[in-house]
Amino acid sequence: MGQAEPLLVQQVLRRTDQSLKKGLEEILGTEAWTQLRGWSKLGWPQNNPIVVEISEDRGSLLTVVKALGYYLTSEDGDLLEKGVELLSLIVARVPQEKLNRQSARVLSGFFCGKLEDSATLKPALGGLVTLAQIPTLSPAEVGTIVDRHVKMKAIVQGVRFEVFSIIDSLMAFHRDVLKSMGKHFLDGYIGLAEGEKDPRNLMVAFAIARVILIEFDITLHVESMFNILFCYFPITFRPPPNDRYGISTEDLRLSLRRCLNATPSFGPLAIPVFLEKVSVGSRTTKKDTLQSLASCLPVYGPALARVSARKLWNALKLEIFQPVDPETEEEALKTMQILVKIIYADEEAAMESNDDIQGLARDACEECIQILKEPEKSQAKPAIKILCTFMSTTPSVSRYTISQAVPHLVRLFHDPDEISARAPTTFLLSELIASARDAMDKEPSLKVDPPLLPFKDEVIGVLTTGASLPATRTFALSGLKALVSTKGLLSDEELGFIVHNADQIIEKGADYGDSSEAILDLLVAVGARAPHHLAEQTLPLLFGYLPDKAPLRDAAAEREKCWLTLSTLRSLCLLPDLFENMVIRLITKLDLISFPYAAKPLALSDDPEPSAAYAHMILKTLAQCLATKVNKKHADVSKYIDRLVPSLFNIFVASAFISDEGEMIATDPRLIQVAGEIITLVVQSLSPQRQQAYSVGLGKALRSGDVADIASGFQKIASTRKLSLFEDTSSSAQKNILSLLTAAVIPLDKEVRLSLGDIDKFLDSLLTWVLEIADTDLQRISALRMIASILNKHVDELTSFLKNKLDVYWSERVSGRTLATIQRIWAIKSWTWITKGLLVRKHPLAMTFVERLYGIFDDESVGWEAAKAIGEIPSTDVVLTKANRAEVKILFVQKYAGSVLPEILAFAKDSSNPAKQTASLVALTSLIKSIPRAAYAHEMPSLIPLLLRGLDLPDAEIRGNVIDTFLAAAEGESPEKSLVSEHSVTLVNAMLRNSKVGDMTSTRVRTSALRYLGILPSIVRYDVLHPYKSTVLRELADVLDDPKRSVRKEAVDARTNWYDFTYGRNNEC
């Protein structure tokens, strides 16, 4: 306990034994008693003076009892209560070993004697709670405690809780004694527990009752125990607001349910109650009853289940065929499954044939089969659900169900008079097959043949026929997938036959479009078991659909077919053998597209875009497939550093060389970027040792342009031909290759050393190249990413580089105004990437670099760029990540926001420098976009006025960031606690202005503005917004004609929200 002893009590409790009586009298007769009682509610500490005296054998309980003698025998009810309560408090805090058998006997007798007096009832019960936990308490004392009858209905719930706590403690420490008391104890407990209504007391009572039901002989008390428990079923208690005990309805339900299923003796009495509640109860009652019945049936046993089977079936099927909601239907099916399993589990060994199945399973199956004669009717689905449930009961019931349902559905499918019912018939059959498979997966230890085994030929025939028909194709393919994924059912030849049929559907082209996903799922399932069938049959077919030349611009159907084929390959070819096959074929295809003329690969046709788009499809397929394999940690990814990456370098480097003579496909920056993604994924998967070996070739390429070690493939590159990456006279195509090299450098481990010579000079040369030589954004960003990655991993070796940037680069390249504006902008971007590399690892110099940017906020040329950099520095990117083995510390963004946000707010509020103030608004909007909401939520009241000013800035990106911030802030807001209520007029006008295509060209801003406008009625009170309702509806009517569909959709949603916005609907004044 953290509270200090009251001073007066402290002084008195430290008296010697001789003066203890007088001291206790002082406590009981002065204001100290009031202090002590309040103190005891918080818990008496073990080290209080009386407890310490007794614990250290300097005093005894006998001394305390003698000292309290007058108070323990007084006829004055107030004094007597004080004495008994103080003794109870002391007993509760004294170590158990100090309560010997004699003390326990005397104290138990004393406290029991005080139960007759209403004034001492509560403190006496408190003392007995402690004594009941003493293992040395004799059977006689236990009997004394139990024999004391308390009139439960005459006392309050808190005192009743003490009574239940005593019984609970006796049950825990003296259970054998209670058992030996037999009928005497049970009669007494039933009298105590009967009629209890307090949730806290019921939780203890239910726990006691469960022990009694399981361990005690209740033969003569079954009906009495049943009555005191089932009177609470079903639980309808709802906890009051701010309930200090935290007892929920579900807590009570589960505690009661553990009592109801504690003994089979309750079965004959409980089943009628369950049947009554499930037939006339509410949805909640039905669900509770079904869950309770499901938990009780295994305990009540198979004999009772067989006797009650017909009544239970009639009740359950009503909840399945006519459910009040899906949850009730699901619970009824679960209960049905348990019922059937209980009835037939014990007889499983005797079930030799289907004729042995009698009773409920047979009757239910026959009833469901009768319904399935009309598969198109609504009752067919519930009927098949019941049969599917039977698949998870016992092997014999499962076999019987299959033997009855499958032949019926097969006959129905082949019946020429039922052709119109083929689709629902195929659906029902597929559901049954899937359930049979799932049942086997749930019981992998059962060594039994699949129940479908005798009927698999007929089923395969129906499903393959159904797969060839458009009306039944999707259901049939789903059924085939279930067959394929059933363990031990199909042979290798049968799997090949299924693949052959799937390939035939693919060959029909457009006819299978709606079923493409189902076909893909089927082939993936086959690939998981027998990938060689895909390699031998499906992949050659799919690769045959990929032309060697790109479809023309107006050949939309051919282009769509290419994309569908590549998407299929992406999903199918994840397994090692299949992926290797795909890599070989697609790289060959990419080479043919990139170099269309074998004799003279000089130029393209007049329209290179279709070829570029086709090549982009191929590369994207490889990249996405590799990303999936990396996420799944496939071990074969690393081998493609030799089989895929060199071919990519070969294609792009050769194209760069040839592009001097004519335009080449593989010089397109979009293709280079996707190729870079592939290279990064492969290098990520390498061990540091393998990366070190590979880095030798990378170093040569970066230093001297020698790509012989990293590029090999169909195109022959002369050994004397070198890349001119960093020369001013080099072609743009060759400079673009730096992007691929950067993609390989970024994932390198920090232990890997690139052979670049003086690393300071190399990074300096890259910075100079960015500002003076590079001619595309792709080139510049690639160089800056490489700088950030190297700096992040090797910062300890780059102290002089950083010092030079702070001392020289800043003044000459960033703050100095002699350079062209575009160069200064890229110098700021360079500064941003350097800072990012430092910040993610929480380097001490990171904030020094950040603070330098504040100094140029008022620069008219680059002030806004510097301000935007404040938000770009902590933003997420694909370079400085754990996957790329960057040094990333946790919570670096939060630390950054905590340092920068107050500074930016101060600048934004300072009107002495208007240019700097405006730039600070830009920085604020950029920063908030990049940091988590929790980092700025506490500043929202002061941020809102500043953000509103940001909506007046001309930059569409800034406006979009501001509105996105408002959208994020709206999460969790309510009309009663709205931060934006006082600014609602400004916000409404601003959102309307930014939602019109005439005033705002950015689709993103218009969409966000309308989305926020639609949210306002749910977060601002009606009386505040109502004056603007007609204006908003009128203005939004014009926005409904916006040329962009996404904008029109948001306008419709916003207008609906405002139209429905009425008093009392979403808000309360």
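The values are calculated or read from the model by the stated rules, or taken from the named source; none is laboratory data. Here the structure is a predicted model, which means the values were calculated and not measured. No Cβ is skipped: glycine too gets one built from the backbone with ideal geometry, and neighbour counts run over all protein chains shown. Protein only, heavy atoms only, side chains kept; ligands, DNA and RNA dropped before computing areas. Shrake-Rupley method; radii C 1.70, N 1.55, O 1.52, S 1.80 Å.
If you go through the stretch 93-114 one residue at a time, how many are among the hydrophobic types (A, V, I, L, M, F, W, C) and open to solvent by 20 Å² or more (accessible area, probe 1.4 Å)? Spell out how you get there, then give the answer.
Residues of the stretch 93-114 that are among the hydrophobic types (A, V, I, L, M, F, W, C), as a first pass: 94, 99, 104, 106-107, 110-112.
After this cut, where a residue has to be open to solvent by 20 Å² or more (accessible area, probe 1.4 Å) as well, the list is 106, 110.
Number of matching residues: 2.
For the stretch 681-704, does any single residue satisfy the condition of being farther than 16 Å from Ile641 by Cβ and free of Cβ contacts under 8 Å to residues at least 24 places away in the same chain? Within the stretch 681-704 (the criterion being farther than 16 Å from Ile641 by Cβ and free of Cβ contacts under 8 Å to residues at least 24 places away in the same chain), the answer is yes, since at least one residue qualifies. Considering the stretch 728-744, and only residues there that are closer than 15 Å to Glu772 by Cα and small (Gly, Ala, Ser), the residue that is nearest to the chain's Cα centre (by Cα) turns out to be Ser732. Is there a residue in the stretch 762-784 that is open to solvent by 60 Å² or more (accessible area, probe 1.4 Å) and assigned to a loop (DSSP other than H, G, I, E, B)? Checked against the condition, which is being open to solvent by 60 Å² or more (accessible area, probe 1.4 Å) and assigned to a loop (DSSP other than H, G, I, E, B), the stretch 762-784 yields at least one hit. Remark: Arg721 falls outside the filter, which requires a residue to be modelled with pLDDT of 90 or more, open to solvent by 60 Å² or more (accessible area, probe 1.4 Å) and more than 27 Å from Arg824 (Cβ to Cβ).
Would you point out the residue of the stretch 464-488, among those that are surrounded by fewer than 24 Cβ atoms within 10 Å (Cβ to Cβ) and among the basic types (Lys, Arg), that is nearest to Leu453 (Cα to Cα)? Result: Lys487.
Among helices (runs of 4 or more DSSP H) entirely within the stretch 991-1069, having at least 3 residues that are assigned by TED's automatic domain parsing to the domain that holds Pro954, among the aliphatic types (A, V, I, L, M) and under 37 Å from the mean Cα position of the chain (by Cα) singles out 1003-1019, 1045-1059.
Hey, can you tell me all the residues within the stretch 953-970 that are touching a helix residue (DSSP H, G or I) at 6+ places or on another chain (Cβ under 8 Å) and not in a helix (DSSP H, G or I)? Break it down stepwise before answering.
As a first pass, look at the stretch 953-970 and keep what is touching a helix residue (DSSP H, G or I) at 6+ places or on another chain (Cβ under 8 Å): 953, 955-956, 958-970.
Hits for the stretch 953-970 are Leu953, Asp955.
Looking at Ile737, is it touching a residue at least 60 places away in the same chain (Cβ under 8 Å) and open to solvent by 10 Å² or more (accessible area, probe 1.4 Å)? So that I can check it myself, show each step before the final result.
Details: touching a residue at least 60 places away in the same chain (Cβ under 8 Å): yes; open to solvent by 10 Å² or more (accessible area, probe 1.4 Å): no.
Criteria not met by Ile737.
So if I check each of Ala923, Ala956, which one is closer than 25 Å to Ala866 by Cβ, in contact (Cβ under 8 Å) with a residue 40 or more places away in the chain, touching a Lys or Arg at 6+ places or on another chain (Cβ under 8 Å) and surrounded by fewer than 18 Cβ atoms within 10 Å (Cβ to Cβ)? So that I can check it myself, show each step before the final result.
Working: Ala923 fails: surrounded by fewer than 18 Cβ atoms within 10 Å (Cβ to Cβ).
The conditions single out Ala956.
Test of understanding: among Glu872, Glu973, which residue is closer than 30 Å to His794 by Cα and either hydrophobic (A, V, I, L, M, F, W, C) or crowded, with 16+ Cβ neighbours inside 10 Å (or both)? Show your work before the answer.
Values: Glu973 fails: closer than 30 Å to His794 by Cα.
Of Glu872, Glu973, the one residue that is closer than 30 Å to His794 by Cα and either hydrophobic (A, V, I, L, M, F, W, C) or crowded, with 16+ Cβ neighbours inside 10 Å (or both) is Glu872.
Gly461: within 14 Å of Val410 (Cα to Cα), modelled with pLDDT of 90 or more and either crowded, with 24+ Cβ neighbours inside 10 Å or touching a Cys at 6+ places or on another chain (Cβ under 7 Å) (or both), yes or no? So Gly461 does not fit the description; no.
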